[in-house]
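Notes to accompany the following structure.
The values are calculated or read from the model by the stated rules, or taken from the named source; none is laboratory data. Keep in mind the model is a prediction, meaning the values are calculated, not measured. Here the Cβ is made from the backbone with ideal geometry for all residues, glycine too, and neighbour counts use every protein chain on show.
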Amino acid sequence: MSKYIILLPIVFPILMGALLPLFRFRSRKARNIYVELVTALTSILAVWMIFHRPSEDFIVLNLAGELAVMLHIDGLGMVFGALISVLWPFAALYAFEYMEREEKDNAFFSFYTMTFGVTLGIAYAGNLMTMYMFYELLTLVTLPLVMHGMGKTAVAAGKKYMTYSIGGAAFAFIGFIFVYRLGDTMNFTFGGVFGSAAVAGKENLLRAVYVLAVLGFGVKAAIFPFHAWLPSAAVAPTPVTALLHAVAVVKSGAFAIIRITYYSYGTGLLEGSFAQKIVLGLAAVTILYGSVRAVREPHLKRRLAYSTISNLSYIVFGAALMTPAGMRGGMLHLAAHAFVKIVLFYCAGAILHRSGLEYVRDMDGLGKKMPFVTACFFAAGLGLIGLPPMSGFISKWNIGTAGIAQGSGPAVFGVIAVLISALLTAVYIFGFLIRACFPAADGKLPDASGRTAPSDPSWRMKLPMAVLTAMVLLIGFFAEPISEFLTRVANGQI
Amino acid sequence: MAENLWLTLLLVLPFAGALILCGFCGQGRGRAMYLTADLLAAAEFALALFFAVPVLCGGGYTCRIKELCGFGLSFELDGFRAVWLIILSFMWLTAVVFSKEYMEHHRHVLRYYCFTFLTLGATAGVFLSADLLTTFLFFELMSFTSYVWVAQEETKGALRAAETYLAVAVLGGLVMLMGLFLLYHLTGTLALDGLREACAAVQERGMLLAAGILMLFGFGAKAGMFPLHIWLPKAHPVAPAPASALLSGVLTKAGIFGVILLSGNIMHQEKEFGWLVLFLGAATMLHGAVLGVFSVDLKRTLACSSVSQIGFILVGLGMVNLTGGNALAVNGAFLHAVNHSLIKLVLFLLAGVVYCRLHSLDLTQICGFGRKKPFFLAVFLCGAFAVAGMPLFSGYISKTLLHEAIVEGGELFAGSAGVLLSVTEWVFLVSGGLTAAYMLKLFTVLFLDEPSERVKKCTRNYLSMPVRLLLAVPAGFLLLAGLLPDRILLPAAEQASAFFGAAGAVHGAGAPHWFSMENLSGAGISIGIGIFVYFTVVRQWLRKRDGQETVYVNRLPAWYDLEESVYRPLFLRLLPFLLAGACRLAESVVEKTAWFLSGPLLAAVCRLADKLVAGIVWLISGTMLSEKKPREHLHGAGRIAYCAGRVMDDLVLLLNRTVRRKRPIQKSFVHIFAVGGRRTRRTAGLVARSVSYGLMLAGIGLVITMLYLLLG
């Protein structure tokens, strides 16, 4: 079999997405079938690659010296690749119904499909150069999606997103340069690349650069001072906020942080240093900050966006613990939060789509009108709070025990932050659920101020929600195999 | 211990039952639903007996499912758990059968039944769990499913109470989780059978104590321990009566289950922990009893009584820890927990009967309901005498054991510790007295006072046959157990003692002379205090005659409510205010720092560059692309532009008057400058907001890097 096949899951969706506007589809239905086929095929390819991953690196092209575009699938890449491959076809299915009433949906689906390829590129990147390239591409390819509405707020949000991302990438680039100059290799190597004598005496400099790089990638992972673009971006259509701003884009940021921590800079260099303390502290602050803002946010989608900010930092916190247990916890949360948050956003989107309601205070008694959506929200919400045995609990348990075991001051502070944040999560999730399920006796039912009287959406929205909700539950109940696999990844065995 | 996977059937049955009810008994099929529910509860009871009876005759079962939930679930059935399994499944059976009558005219009955069975499964899971993670899992599940009970009526009061309940449960759960993190870090295991030894070997005693206190917070919150008891007096009056019986009878005991683990096993070497439990227990005991005396609502009185009785159990558990597993304390705490469950089952169901007929629980409204109802009287008396610790009833046995434990513990400690214990003894006796007082108050209300208008109107038959039967069983047990303590209660307690510590840790004689003068005098003092309080406080101060009617007044000051005057302001006003303030502060700090970091120089350079670009743009548009612009009328110009314009205008005026008299200049420079300035600003703003600005910042970052690389 040709080694070029690893390119396929990356190039195929980008190409087909770019070609989409050229096909003159006679109806939306034909276009939808085309998009669904492309994403499904890509998913199959991506998952197939995971099971038949090539053992040697595949260099696509060599730019100069060590600057090569190189693909290689390792354990971490498998986790991220599998995660998005599972989610994307469902997300596309959901988007079909949601986008029916929007304009320019051809352009939307074109970029939506291309983003899939780019994200897979990040997952399967074999060296820092390739990851950085796809990382920058991701910003460009998702920008039209954020600005899709082209209203004043949408354009402003798009500009904000752009400015933040490019500024962050500049920081990340500093980290990139140092690995290039001082590291043994650009390729991702478990345990780090700073083995040679060239590093001696420059450890503290490298640690400082690591902090800069984390902050740079942290812009997409919405670490505290650089989070502001995410709630603004909630203005984008829900399929975008759900898939990109809860999974693909933001998780790319968290993924990149795990990459440079464990595979480029290496825990040996960072463990116990000031760099680790700074990153842990920032993550802990973000965890608290996101939850507090979510509690005070009346707009449902923005509330979920703040919740995402908080939860992304769980991952960063787990990764920054620099122990195998911490990395496992971070990766578990990466997976668990993806499923949970995508369902929650789908529910918010379905509510917005079917009833036009955006603010939690208007949603009294919605549970009676939209029982299916509320049930999904309920299950995923419990997962987000971390009620055992939901998936959120398993990851929280792993992160918490890892944090206590690590034992430094910022780590313990972070664990406390995680627990306080879980409490606040309960407040903002139940704030909606109780309103929806137990309306106060004098409360009014939601009126039909929206475009239609509120009711459950059709099967195209329901199916992704049902399947993904089931996944939320299943991941929690049968976490053992996943946890075992991640343990092996975190120990560098895969 | 035999491995027995079928044990999980005890959990699967209720969870599946809830699904069956949900799936097959939709709206409008009431009878089928009631029948299914009854059958399911009966099946669970039969199953419980099937598993528990062999265990009580010796032996035990364990069960471990490694694959589930990431860390595996493990269960165990030993003597202690077997006793509780029987009690809880019996209580559920009674409650479910009674629910049929109680819920007849209520809405959302199906939801109520579903969550009743879900809670049954979760509670059984807590009592069967053999490692703390499994306990925690089912404990949390139980908290969330029982929320629906409290919110069932969907009135404002119910929703508010449910909110409190959920808040306490979630907070307790998370604090407990922190304790679990610490404990797991210290011992490396959470399996109950190895935990005692593992904890004994821990070096960092301070950390262990912290873990224990955090977990006590979690379990205590569910048990109703002071100062976390606030949900109890609010939740019980609004929940349906059968649910109240279960909440108070079983769910609080799930919290006690955890406290037993803590004080008997995990923290058995930490005497500080014992004192903590003892004092919190004493506070709970007294506080609950005082609230009970003042209460003017039937179910609220019973709820306060529950708080108080939980305090008695906690005092016993404190003594278990302090005496290192004295048999008196062990048996007393266990038996009081068992008694309290059955007592509250009886009393809450009676309260449910009252509510069914009168639709009120206000003591003034229900005066005289029990008149000419001999069965009602008999059952009520069994419950009341038992809870007040009257000799010949089971409550007397457990209270005597607890009392003896305190007295015997006092002999172990000298000095101030001994004094503290004798103070505890008096608090114990006074609380017992107050218990007698509020039960006497209820007795007078139900059976002696003149019937109220409401009661006179109600003439229907008040109890159906099955309910009579189900009430008679626990009531009879309370009497029988009190008469034959050595036959019934002590063997059960012996079964349980292993759970309070490793075999051999429980020591001392467990059976005092029940009816010796010494023990009778303890009960006598209590009941004496009770009668005294009743006639001085309740009769004189809390009860008024209003013509024909007797009126009970609430004399409790409004501020004497921990929830309303401390917790709610703290958690809903102060903390959000502080947290949000902190967030806002952090945001502004970040903004300011970003500004400072970019530095006045950098900012100036950037601004200059902006102005340069904007200037060029303006220049081009002003020269090459110039169009005749219509005069713009300005409302305001920048200060500098205005000044410069004025200066220019004055110059022009001067010129016009001197040099250019013949061809005066007509332009107004104020206006020209203002237009120009505004245009520059607008363009600069556009540039600053645009992508190029971000790119420029990125470029500056790159330049700095390049500089470093060149120099380094």
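Brief remarks on what is shown
- Remark: pairs (first residue in the stretch B:67-91, away from every other protein chain (no Cβ under 14 Å); second residue in a strand (DSSP E or B); Cβ separation under 6 Å; 6+ apart in sequence or on different chains) = B:F75/B:C63; B:E76/B:T62; B:L77/B:Y61.
- Only one of the listed residues (B:V290, B:V259, B:V277, B:V250) is touching a residue at least 12 places away in the same chain (Cβ under 8 Å) and surrounded by fewer than 22 Cβ atoms within 10 Å (Cβ to Cβ). That residue is B:V290.
- Restricted to the stretch A:151-172, and to residues there that are among the β-branched types (V, I, T) and closer than 16 Å to A:A236 by Cα, the residue that is nearest to the other protein chains (Cβ to nearest Cβ) is A:V155.
- Candidate set: the stretch B:324-344, residues that are in contact with a Ser or Thr (Cβ under 8 Å, 6 or more places away or on another chain) and over 26 Å from B:T94 (Cβ atoms); chosen: the one modelled with the lowest pLDDT: B:A327
- Helices (runs of 4 or more DSSP H) (entirely within the stretch B:371-465) containing at least 2 residues that are surrounded by 21 or more Cβ atoms within 10 Å (Cβ to Cβ): B:374-388, B:394-412, B:415-443
- Close Cβ contacts (under 9 Å, 6 or more residues apart or on different chains) running from residues in the stretch A:359-378 that are touching a residue at least 40 places away in the same chain (Cβ under 8 Å) to residues that are of a type in the set (S, T, Y) and surrounded by fewer than 19 Cβ atoms within 10 Å (Cβ to Cβ) comprise A:D362/A:S449; A:K369/A:S455; A:M370/A:S455.
- Within the stretch A:126-150, tally of residues that are away from chain B (no Cβ under 14 Å) and free of Cβ contacts under 8 Å to residues at least 60 places away in the same chain: 4
- Some residue of the stretch B:140-163 being aromatic (F, W, Y), touching a strand residue (DSSP E or B) at 6+ places or on another chain (Cβ under 8 Å), surrounded by 22 or more Cβ atoms within 10 Å (Cβ to Cβ) and within 25 Å of A:T425 (Cβ to Cβ): no
- Scope the stretch B:107-132; condition within 11 Å of chain A (Cβ to nearest Cβ), part of a helix (DSSP H, G or I) and surrounded by fewer than 23 Cβ atoms within 10 Å (Cβ to Cβ); matching residues: B:R111
- Residue in the stretch A:248-261 that is touching a helix residue (DSSP H, G or I) at 6+ places or on another chain (Cβ under 8 Å), in contact (Cβ under 8 Å) with a residue 12 or more places away in the chain, within 13 Å of chain B (Cβ to nearest Cβ) and on the phi < 0 side of the Ramachandran plot present: no
- Identity of the residue in the stretch B:251-267, more than 17 Å from B:N331 (Cβ to Cβ) and modelled with pLDDT of 90 or more, that ends up farthest from the chain's Cα centre (by Cα): B:G258
- Residue match in the stretch A:199-216 (condition: buried (at least 24 other Cβ atoms within 10 Å of the Cβ), within 14 Å of another protein chain (Cβ to nearest Cβ) and among the small types (G, A, S)): yes
- Residue match in the stretch A:292-311 (condition: touching a His at 6+ places or on another chain (Cβ under 6 Å), away from chain B (no Cβ under 12 Å) and closer than 25 Å to A:F217 by Cα): yes
- Applying a threshold of 8 Å to beta carbon distances and a minimum spacing of six or more residues, or different chains, the list of pairs starting in the stretch B:384-410 at a residue that is over 21 Å from B:T301 (Cβ atoms) and ending at one that is among the hydroxyl-bearing types (S, T, Y) reads B:A405/B:T323; B:I406/B:T424; B:E408/B:T323; B:G409/B:T323; B:G410/B:S422.
- Some residue of the stretch A:99-109 being surrounded by fewer than 21 Cβ atoms within 10 Å (Cβ to Cβ), within 14 Å of chain B (Cβ to nearest Cβ) and basic (K, R): no
- Per the conditions (1) away from chain A (no Cβ under 12 Å); (2) surrounded by 23 or more Cβ atoms within 10 Å (Cβ to Cβ), the sole criterion not satisfied by B:F136 is (1).
- Residue list for the stretch A:31-53, filter: in a loop (DSSP other than H, G, I, E, B) and either surrounded by 15 or more Cβ atoms within 10 Å (Cβ to Cβ) or of a type in the set (A, V, I, L, M) (or both): A:R53
- Those residues of the stretch B:158-173 which are within 10 Å of another protein chain (Cβ to nearest Cβ) and either in contact (Cβ under 8 Å) with a residue 24 or more places away in the chain or among the hydroxyl-bearing types (S, T, Y) (or both), in sequence order: B:A158, B:R160, B:A162, B:A167, B:A169, B:V170, B:L171, B:G173
- The listed residue being more than 9 Å from chain A (Cβ to nearest Cβ) and of a type in the set (V, I, T), out of B:T145, B:T155: B:T145
- The lone exception for A:H333 - which of (1) modelled with pLDDT of 90 or more; (2) more than 13 Å from chain B (Cβ to nearest Cβ); (3) touching a Lys or Arg at 6+ places or on another chain (Cβ under 9 Å) it fails: (2)
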